[in-house]
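A short reminder: the numbers here are calculations on the coordinates, not readings from a lab. What you are looking at is a predicted structure, and each value in this text was computed from that prediction instead of being measured. Virtual Cβ from ideal backbone geometry, glycine too; neighbours counted across all protein chains shown.
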Number of protein chains: 2
Amino acid sequence: MTSAIKLAIVGVGKIVYDQHVPAIAARADDFSLVATASRHHTIDHIPGFTSIEAMLAAHPDIDAVSLCMPPQYRYAAARQALAAGKHVLLEKPPGATLSEVADLAAFAAEKGVTLFASWHSRHAPGVQPAKAHLAAHVPTAVQVRWKEDVRQWHPHQDWIWQVGGLGVFDPGINALSILTEILPSAMFLTQATLSFPENRDAPIAADLHFQDAADIKVHAEFDWRPTAQQGWDIIVTTVGGELRLTDGGARLWINGAGQALAQEAEYLSLYRRFAALIRAGQSDVDVAPLRHVADAFMLGRRKAVAAFYD
Amino acid sequence: MTSAIKLAIVGVGKIVYDQHVPAIAARADDFSLVATASRHHTIDHIPGFTSIEAMLAAHPDIDAVSLCMPPQYRYAAARQALAAGKHVLLEKPPGATLSEVADLAAFAAEKGVTLFASWHSRHAPGVQPAKAHLAAHVPTAVQVRWKEDVRQWHPHQDWIWQVGGLGVFDPGINALSILTEILPSAMFLTQATLSFPENRDAPIAADLHFQDAADIKVHAEFDWRPTAQQGWDIIVTTVGGELRLTDGGARLWINGAGQALAQEAEYLSLYRRFAALIRAGQSDVDVAPLRHVADAFMLGRRKAVAAFYD
């Protein structure tokens, strides 16, 4: 057994308490959580600092950091951690711009450390079985419905509505991270409509049309409005059949038959992958999901819709 | 002397008549223009077809194609040309989305042919001397003013105002292509405001703030409004001096002294590079300028401004 990787978390909030902390505890052979840095929050029994500088100075033995703050603040912390020779996990999305992520990838390579742009939904239990099925059964069309009530899932998270917070693409990018993993060829956007509440700088809904070189049509609907029926479903029509990946990748149906899957354990799988990358001396910085979002903002038509109040 | 590369042009319009045709004629040792495909326009004395399919069928000896149609229509033509084993030059911007350009780059590599995402402004005579100067004189701040009257430069070009036409980023991306060539480190956007005429789907002005890892601040103003004083200038403050690259890269001033430069010959240099890439069996697909544009649409705040009528 190799020794545990000394890990720190920067940016402590809901996703850290809900997912990162239990996953790291469950992977105690791989990781030992030694410190956190966060302006307002701490984790019980773990030394907490209010800045990454103070944390790195007090704990020079840290091997790796997980960056979980909103994407608008991630670049500076990532650059500091990489400069100090630490391995870095970026929560999704990996940054506020594609260009900063490209810079981080180049810098990690220069420093010889691991950079992992993580996409937790790719670790949902149905994703790899779906990918394997679609490698053998040619898709002809894809329908994506990613609809959730923002009031339930992101109550009073102001950053998510601000420029750079991406609005409905914050959950929608999870669908894009699954699609870009399971489809056998690369897709690109051909048409998009983004609905912006008249009092917000981020979209509350998006209607996206993609195709790929083989002319497969992909239609995705993302909706955050409280009136929408909730669901996180990808339905792929294949030659002679249908694949349904539902509940955000947690359940899989092939030609109507439910498939036996492992228990949901996205973050556990994600940290297993981070440890494997560190031990292999590799990076994994796939920006495809964020690239589709940027393309949607660039190519999308904007529609003003009713104001949204939290 | 190697034999001339048999070249075809797809999408005949203003930029082809003004720039491509004379440049190709001047590089007769490298290229021989053998056909065109365009729905409405032809070039005197050159066989013209109304579709790329018809052209490739009638002229199987074509080695390479230059794709000069609006970016919204470029992917399908590029994919067809690459599938037929032709080398491809993409006018700027290389596509309507970053994802489609990534797909084309992968496909060109698979087919073993050259893909050249061209940025003509990088071939302006002041660009390489400016790059050499900035490699030796550390920049501390950059001001970009790229202001032109859209009525003078893009009269009645409806596509440029449509979704995917990029609006003021159509000239602005030329500034970004120069910046990303001459600055010693990679920059990324931190803040942006895009001004959209209330009757248009593309911005008429953009105000952009970038920084880089070394904390150099870059401020760029793009403006298409007829009231703006025209100019295409990049002013770089360096430690102990100033570099001014003006007239879109055609003139260079260092600490106030005008520098002796070659004659402006952007497209001639661009076709020289395309020939060199083909002969070396290489591709050159740098998406950095388009990536900054996509980042600006994703991160930028939108402001509604007065309607614009052509």
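For region A:71-170, a/c is not less than 1.5, where a ≥ b ≥ c are the root eigenvalues of the C-alpha gyration tensor, and a/b does not top b/c. That puts it in the oblate class. Take the Cα pairs of region B:22-83, get the Kirkwood Rh, then feed it into Stokes-Einstein at 20 °C and 1.002 mPa s and tell me D in µm²/s. After rounding, the answer is 172 µm²/s. Residues whose amide H comes within less than 5 Å of that of A:Leu33, counting only those at least five positions distant or on another chain, are A:Leu7 (H built at 1.01 Å from N in the peptide plane). Computed about the Cα centre, the dipole magnitude for chain B is approximately 100 debye when only Lys and Arg (+1) and Asp and Glu (-1) carry charge, each at its Cβ. Reducing region B:267-303 and region B:41-64 to their Cα centroids gives an inter-centroid distance of 25 Å.
Ordering A:His133, B:His40 from the fewest to the most neighbouring beta carbons within 10 Å gives B:His40, A:His133. Look at the stretch B:71-82: the mean tally of other chain Cβ atoms within 10 Å of its residues' Cβ atoms is 1.
Debye calculation, C-alpha points only, no solvent: report log10 I(q)/I(0) for the protein assembly as shown at q = 0.11, 0.12 Å⁻¹, in the same order as the q values. At q = 0.11, 0.12 Å⁻¹ the computed log10 ratios are -1.16, -1.35.
Plainly put, the tip 7 Å out from Cα toward Cβ on B:Asp44 is 8.6 nm from that tip on each other copy, the closest given first.
Cross-link partners for B:Lys86 among the lysines, with Cα-Cα distance under 20 Å and sequence neighbours closer than 8 places in the same chain left out: B:Lys6, B:Lys111. Could you state the angle between the C-alpha long axis of helix B:74-83 and the longest principal axis of the C-alpha atoms of chain B, as a value from 0 to 90 degrees rounded to the nearest 10? Helix B:74-83 sits at roughly 40 degrees to that axis.
Shortest first, A:Arg273 label-point distances to identical copies amount to 3.6 nm, with the label point at 7 Å from Cα along Cα→Cβ.
With the label put 7 angstrom out from Cα along the Cα-to-Cβ vector, B:His209 ends up 3.8 nm from the copy partners, going from closest to farthest.
Put in line by how crowded their Cβ is, counting other Cβ atoms within 10 Å and starting with the fewest, B:His137, B:His219, A:His154, B:His45 read B:His45, B:His219, B:His137, A:His154. Rounded to the nearest 20, the size of the Cβ-charge dipole of region A:5-117 about its Cα centre is 180 debye, with Lys and Arg at +1 and Asp and Glu at -1.
Derived value for region A:151-310: Kirkwood hydrodynamic radius 17.5 Å. Basis is the mean of 1/r over every pair of different alpha-carbon atoms.
Of all lysines in the structure, the ones whose alpha carbon falls short of 20 Å from that of B:Lys303, not counting any fewer than 8 places away in one chain, are A:Lys303, B:Lys147. Among B:Ser118, A:Ser269, B:Ser66, the order by Cβ neighbours within 10 angstrom, fewest to most, reads A:Ser269, B:Ser118, B:Ser66.
Each pair of Cα atoms in chain B enters the Kirkwood radius, and Stokes-Einstein at 20 °C and 1.002 mPa s then converts it into a translational diffusion coefficient of 106 µm²/s. Considering the convex hull of the alpha carbon atoms of region A:5-117, report its projected area averaged over all viewing directions, in nm², one decimal. Averaged projected area of region A:5-117's Cα convex hull equals 6.3 nm². Once you reduce region A:134-179 and region B:210-237 to the center of their Cα atoms, the two points are 34 Å from each other.
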